[in-house]
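Values in this text are rule-based calculations from the coordinates and carry no lab data. All figures in this text were calculated on a predicted structure; none of them were measured in a lab. Counting neighbours? That spans all protein chains shown, and the Cβs are built from the backbone with ideal geometry, glycine included.
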Amino acid sequence: MRGLLVVNPVATTTTERVRDVLAAALAADLALDVIPTKGRGHGVELGARAVELGVDVVIALGGDGTVNEIVNGLLQNGPVADGPAFAVVPGGSTNVFVRALGYSASPVEATGELLNALREGRSRRISIGHAEFGEQSRWFSFCFGVGLDARVVERVEAKRSGGRRNSSGLFLRAAAAQLLSGAGRRAPVLELETTPAHSPGSAARRQAQADEAEEGAATAEADDRDARITLGLVCNTRPWTYLEQRPVLACPQASFDSGLDLLALRRVRTSAVLRTGRQMLAEGRGPHGRNVVSQHDRATIHFRSDEPAPIQMDGEYLGESTDIRLTHHPRALRVIA
């Protein structure tokens, strides 16, 4: 079996020792090539090349940015039925995607789990999201954000480019700075339209959510298909992110086996954001209230605005757009898990 190990040498927790141990362990089971990324965009090239060469499995050692690039390379020409499988060993600061697949956050433990999965032939197909904005289009593995969330990611990236280490504290400080500056009050208003995916089992999950919620509240949220909002978080799985080791559940029902889930706020005010943040840290129903638009299992999500709105994908700031279309693609990627 042919394998390609793609290493991001500048990822937060990636070290030469981890790389060498992982490569040696994988080489016992795979005919393995090891290639370090040389900069932004190189992971896309390597993923696309793996498809052309008929590689059996591509393994990423890096963070969620590395994952996003390789996924975009593997799916550059759309999902391929017999394309390479994909696996990840966590090497970044948060590693949402690989942890959502059930792997440990520890690179050493995750390596052992990956080797067991490879030897047992375990794999599954998961859904992936696709975004079109302006003249660009890209795939996202676990989240997409429009509004304040993206502006915070932009600020964090600016801090990191100046040498700051990525951390939950850095993100929280950047979010607080944006709220105190009044960025939420100046946020563009977004027109929201969605269509249902009707994934298998999703109706049962929606009914369970409705049974647990206050009478009538969940139904009102689920039926809110068109709305005017100022912030949108789209999840392809749970959690949205982590606060240290604690999962942040923007969309508690989100799953790689169903459509896209949405959490949106009609208004971004400090009190509303803090209330929603507390709800995201609690197990159970998830964010709710009159300021919240919550939708599960969407096939498409469309944001439109008169003013350009900031956007982020899998934790990477992508710029601004006035027209953003997201689509759910079921069983688009085979992963080792």
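The table below lists the values:
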quantity	calculated
Viscosity 1.306 mPa s, 10 °C: Kirkwood-radius Stokes-Einstein D of region 69-162 over Cα pairs, µm²/s	102
In order through region 57-68: 3J(HN,Hα) via Karplus (6.51 cos²θ - 1.76 cosθ + 1.60), integer Hz, x for Gly, Pro	8, 10, 10, 9, 10, x, x, 5, x, 5, 4, 4
Most mobile listed residue (Ile59, Ile35, Ile128) in the chain, GNM with C-alpha springs under 10 Å	Ile35
Placed amide H near Ser123: partners under 5 Å, 5+ positions off or other chain	Ala337
The chain, Rg to Rh (Cα coordinates; Rh as Kirkwood inverse mean 1/r)	0.96
Residue-averaged 222 nm ellipticity for the chain, from DSSP H runs of 4+ at -39500 (n - 2.57), nearest 500	-10000 deg cm²/dmol
Selected from Gln253, Gln279, Gln136 as most flexible by GNM, with the chain as the system and alpha-carbon contacts under 10 Å	Gln136
Table column - 3J(HN,Hα) (Hz), region 14-19, Karplus curve with 6.51, -1.76, 1.60, x for Gly and Pro	7, 10, 4, 5, 4, 4
Projected area averaged over orientations for region 271-337, convex hull of C-alpha atoms, nm²	7.1
Partnerless cysteines, meaning none of the other Cys C-beta atoms lie under 4.7 Å away, in the chain	Cys143
For region 65-133 versus region 240-281, the gap between their alpha-carbon centres in whole angstrom	22
Rough spin-label spacing in nm, given labels placed 7 Å along Cα→Cβ, for Arg290 and Ala227	1.4
Order of Arg165, Arg228, Arg173, Arg99 - criterion: other Cβ atoms within 10 Å of each residue's Cβ, fewest first	Arg165, Arg228, Arg173, Arg99
Footprinting exposure proxy for Glu307, Glu45 (fewest neighbouring C-beta atoms within 10 Å first)	Glu307, Glu45
Set of region 72-101 residues, backbone N closer than 14 Å to the point 7 Å along the Cα-Cβ line of Arg331	79-83
Fraction of beta bridges assigned by DSSP in the chain that are antiparallel (%, nearest 5)	75
Global geometry of region 158-198, whether rounded, prolate or oblate, following the gyration tensor of its Cα atoms and the 1.5 cut on a/c	oblate
For region 2-122, the spread of Cα positions along each principal axis, largest first, Å	33, 32, 25
Highest-MSF residue in the chain out of Ser104, Ser141, Ser181 [GNM, Cα springs under 10 Å]	Ser181
